[in-house]
Amino acid sequence: MSLFPGLPENPHLGEVFQKFPQHVRPLLEYHDLLLRGEGPLSVAERELIATYVSGINACTFCFGAHKIYSKLFGISDEVIDGLMEDVDTSKVDEKMKPLLKYVGKLTRLPAQLVSADAEAVYKAGWNERALYDAVQICALFNFMNRIIEGTGITFDYAENPPSDEDIEARRTRSYMDFGRQLGIVD
């Protein structure tokens, strides 16, 4: 039995959003602004942060979905897999490592962040806006991972990969487009 009897067994996020559409619009707008809007981090870097945070949280759905997006925007499986094993030895761009360590610590041990964690990010060449965007992405995916896990979504993209056509469509699909596709935003 699912955690929510009104949802199908093994629901997809779209089915959760369709059942509870009241707050979906601002959530999708925020996703679009943060993950696709202008900023110091590339789309690939933002997707990598989302993937990493979701991997730390063992959120299979978000990890799988954002691994697809990361790959779509140029991050290889090898980089993602190595990152999940160890940031320091991974083949992630050296400039990203302090930022990823920061969001990793923010996810695992937020009360233990210290000024040296931020200084490492600045020393790598990032500005305060980049760090703030990374913090927001980290917060958003900790939030989304809890929605996924709390509603019993166990859909796994590794077991149910999208078609090549669907993957390519994601390159230009906004999060609001996802809401429109579900029929819950206009």
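Among the residues of segment 1-44, the one identified as touching a residue at least 40 places away in the same chain (Cβ under 8 Å), under 14 Å from Gly179 (Cβ atoms) and among the polar types (S, T, N, Q) is Gln18.
For residues that are outside any helix (DSSP H, G or I) and at pLDDT below 95, tally how many sit in segment 27-72. Spell out how you get there, then give the answer.
Of the residues in segment 27-72, the ones outside any helix (DSSP H, G or I) are 37-42, 57-59.
From what's left, at pLDDT below 95: none.
Count: 0.
Checked against (1) crowded, with 16+ Cβ neighbours inside 10 Å; (2) aliphatic (A, V, I, L, M); (3) farther than 24 Å from Asp186 by Cα, Val24 passes all but condition (3). When the criteria are applied in full, Glu47 meets the requirement of being surrounded by 17 or more Cβ atoms within 10 Å (Cβ to Cβ) and either free of Cβ contacts under 8 Å to residues at least 60 places away in the same chain or in contact with a strand residue (DSSP E or B) (Cβ under 6 Å, 6 or more places away or on another chain) (or both).
Here are some residues: Arg180, Arg129. Which one is assigned to a helix (DSSP H, G or I) and more than 23 Å from Ser42 (Cβ to Cβ)? Show your work before the answer.
Values: Arg129 fails: more than 23 Å from Ser42 (Cβ to Cβ).
Residue meeting the stated conditions: Arg180.
For segment 90-118, residues that are free of Cβ contacts under 8 Å to residues at least 12 places away in the same chain, under 19 Å from the mean Cα position of the chain (by Cα) and part of a helix (DSSP H, G or I) total 1.
Step by step: first the residues of segment 111-155, then only those that are of a type in the set (Ser, Thr, Tyr) and in contact with a helix residue (DSSP H, G or I) (Cβ under 8 Å, 6 or more places away or on another chain), then the one that is surrounded by the fewest Cβ atoms within 10 Å (Cβ to Cβ). Which residue is that?
Within segment 111-155, the first condition is being of a type in the set (Ser, Thr, Tyr), and the residues that meet it are 115, 122, 132, 151, 154.
If we keep only those that are in contact with a helix residue (DSSP H, G or I) (Cβ under 8 Å, 6 or more places away or on another chain) as well, we get 122, 151, 154.
Details: Tyr122: 13, Thr151: 18, Thr154: 15.
Only one residue tops the list, namely Tyr122.
Against the conditions (1) in contact (Cβ under 8 Å) with a residue 40 or more places away in the chain; (2) not in a loop (DSSP other than H, G, I, E, B), where does Ala158 fall short? Just the number, please. All conditions pass for Ala158, except number (2).
The values are calculated or read from the model by the stated rules, or taken from the named source; none is laboratory data. From a predicted model like this one, the values you see are computed outputs, not experimental measurements. Quick reminder, even Gly has a Cβ in these numbers, built from the backbone with ideal geometry, and neighbours come from all protein chains shown.
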